[in-house]
Amino acid sequence: MSTTFKFIIEHMEEGLTDWVKLEYSNMIKQVGHKNLILTSLTPSTLAQCPPNIQDGAVCTSLNAVEYVTSQGKGIANVLLLDPSAPKQMDPSDSVFEFLLFGGILGDDPPRDRTKELRVLGFEGRHLGPIQMTTDTAVMVAKRIVDGKRLQDIEFVDKPELQLRKGESVEMPFRYIVENGQPLVPAGFLDLLRKTNDQALDFN
């Protein structure tokens with residue numbers, strides 16, 4: 001594996017929601033200090049980044065191509081995670097130095113936000129047919145570049161998560177299974193309860 005492997009998130013929306021902050025914080029925890037690069041951040045979005053994200057990630061207004069170029073590298077050093085790519089990611093892809101993700105949080109139904117990056121000519125790989133949240137995709141990719149094959153990672157699709165007694169919600173994504181449970185970041189269930197309560201109040 002490349003010892004300089006970096007994970008780039010091309011931020012494609014204005015601002016940072018609580019969900020995005022949670023995902024970015026989890027990505028930093030998973031890939032290590034300054035190994036997460038958040039690109040295309042506007043000044044107002046940068047101002048919204050909490051200290052743990054500003055300190056733990058590289059936060060820049062440069063887009064992904066500009067950032068890679070600023071590091072003396074080129075498109076050939078970048079692997080794009082692309083659901084439409086013909087090839088599945090495997091451990092041999094650790095020869096790349098950067099792994100590029102488009103967008104922020106997984107969408108349901110999926111929006112093809114990766115198309116804006118696909119046209120730039122990056123080599124692409126997919127992580128299977130089921131939509132993942134971006135932090136899950138980062139965790140899966142990290143395991144693969146560390147030598148684990150995709151088919152050897154245990155997943156659960158659309159798990160039903162218990163919020164309170166008699167209250168649960170089905171998540172429309174694929175998650176890694178760890179210790180028999182979907183692997184979600186700390187604070188995930190609390191934020192899910194808050195979001196669910198707000199939706200009920202709105203209705």
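At a glance:
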item	result
Among Ser168, Ser61, Ser25, residue whose mean-square fluctuation peaks in a GNM of the chain (springs only between Cα atoms under 10 Å)	Ser168
Extension gain, Thr17 back to Glu66 (0.36 nm per residue minus Cα-Cα distance, nm)	15.1 nm
Additional length obtainable on full extension of the chain from Asn52 to Leu191, 0.36 nm per residue less Cα span	48.3 nm
Accessible carbon and sulfur surface of the chain relative to its total accessible area, %, 1.4 Å	51 percent
Gaussian network model of the chain, springs between alpha carbon atoms under 10 Å - residue of Asp190, Asp157, Asp90 with greatest fluctuation	Asp190
Relative contact order computed over the chain (Cα-Cα under 8 Å; 6+ residues apart), in percent	21 percent
Accessible area (Å², per residue) of the stretch 149-203, counting only protein heavy atoms and a probe of 1.4 Å	67 Å²
3J(HN,Hα) from dihedral phi, the stretch 51-66, Karplus parametrisation 6.51/-1.76/1.60, rounded to Hz, x for glycine, proline	x, 5, 7, 4, 7, x, 10, 8, 10, 9, 7, 5, 7, 4, 5, 4
Folded to 0 to 90 degrees: helix 188-202 orientation relative to the chain principal axis, Cα	60 degrees
Long-range amide H partners of Asp82 with built H, under 5 Å	Arg125, His126
Amide hydrogen neighbours beyond the local backbone of Leu163, cut-off 5 Å, H modeled	Ser168, Val169
Cut-off under 5 Å, modelled amide H: who pairs with Phe155 long-range	Val177
Read-out Rg and Dmax of the Cα atoms in Å, derived from the coordinates shown; its label in [x] 22.1, 90; [y] 16.8, 55; [z] 22.3, 79	[y]
Selected from Ala186, Ala85, Ala137 as most flexible by GNM, with the chain as the system and alpha-carbon contacts under 10 Å	Ala186
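The values are calculated or read from the model by the stated rules, or taken from the named source; none is laboratory data. Keep in mind that this is a model prediction, so the values were computed, not measured. Heads up: the accessible areas ignore ligands, DNA and RNA and are worked out on the full protein's heavy atoms, side chains in. Shrake-Rupley method; radii C 1.70, N 1.55, O 1.52, S 1.80 Å.
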